[in-house]
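**Student:** If you scroll down you'll find the structure; I have some questions about it.
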Amino acid sequence: MSLKRPDVLKARLWIEFESEKGLDYGGVVDLKPNGSDMVVTNENKKEYIDLVIQWRFVNRVQKQMNAFLEGFTELILIDLIKIFDENELELLMCGLGDVDVNDWRQHTVYKNGYCPNHPVIQWFWKVVLLMDAEKRIRLLQFVTGTSRVPMNGFAELYGSNGPQLFTIEQWGTSDKLPRAHTCFNRLDLPAYDSFEDLREKLLMAVENAQGFEGVD
């Protein structure tokens, strides 16, 4: 978030520990006890950001999520799905679907030194072609946050701010695992020294991604 930058924080004086009204709330909500009386400073800004995220994505919709869960568990016993993570559950409910690698490739953007003919990019697509259908879907989930391709293909892929093509950006050193930014459909891919190294680290990143580990 922009508040991590001191210059932005200075420009937004008198931010308090409160947030906008929720779905069932008639006014401003304190993010913590007496939050409306507390000013956000450079020292406590991380706490403020964490509380805003907790409010917007959890507390604000808790009532609705509880109602959804209640209805869901009337159809499917919760014990039957506890063994699955969120990605596996999505695949079970939505199916594998088809991923057209050629369409994916044609509608990919490259940044920071990468281009379609760069050796690392050639290795990347070779890895994708060698994957089975499930692994391709898991890679798509890792980078975009969803297992589904838009109806009209990758040309209509959306991010958090609107249309956003799948993007591969050169980043980091070869000892790092690839990382993903699901809001921007972006894969940060180090310039590995060999096809084998890229394949090993990409699969490791995709298969072991949980929550926000390696993903933001």
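**Student:** Round to the nearest 0.05 the FRET efficiency obtained for GLU88 and SER174 when R0 = 30 Å and r is the Cβ-Cβ distance.
**Tutor:** On the way: r = 30 Å, r/R0 = 1.00.
Approximately 0.50, to the nearest 0.05.
**Student:** I need the trypsin sites (Lys or Arg not before Pro) found in the range 65-149, filtered to DSSP loop residues with at most 10 other beta carbons within 10 Å of theirs.
**Tutor:** On the way: sites: LYS82, ARG105, LYS111, LYS126, LYS135, ARG136, ARG138, ARG148; in loops: LYS82, ARG148.
Those that pass, being in a loop and sparsely packed, are LYS82.
**Student:** Take every Cα-Cα pair in the range 94-208 and report what % of them are more than 20 Å apart. Write down the numbers at each step before the final one.
**Tutor:** Numbers: 2273 of 6555 pairs.
For the range 94-208, the fraction of Cα-Cα distances above 20 Å is 35 percent.
**Student:** For ASN152 paired with HIS118, estimate the spin-label separation in nm (one decimal), with each label point 7 Å from Cα along the Cα-to-Cβ line.
**Tutor:** That separation, rounded to one decimal, is 2.9 nm.
**Student:** Give the calculated FRET efficiency between HIS107 and ASP132 to the nearest 0.05, with a Förster radius of 22 Å applied to their Cβ-Cβ distance.
**Tutor:** Values: r = 22 Å, r/R0 = 1.00.
That pair, HIS107 with ASP132, gives E of 0.50.
**Student:** Just to verify a number: FRET efficiency for ASP197 and ASN34, C-beta to C-beta distance, R0 = 45 Å, to 0.05?
**Tutor:** Values: r = 53 Å, r/R0 = 1.18.
Using R0 = 45 Å, I get an efficiency of 0.25.
All of the numbers you see were taken from the coordinates with simple rules; none came from a lab. Since the structure is predicted, the reported quantities are computational estimates derived from the model, not experimental observations. Glycine also receives a Cβ, built like all others from the backbone with ideal geometry; neighbour counts cover every protein chain displayed.
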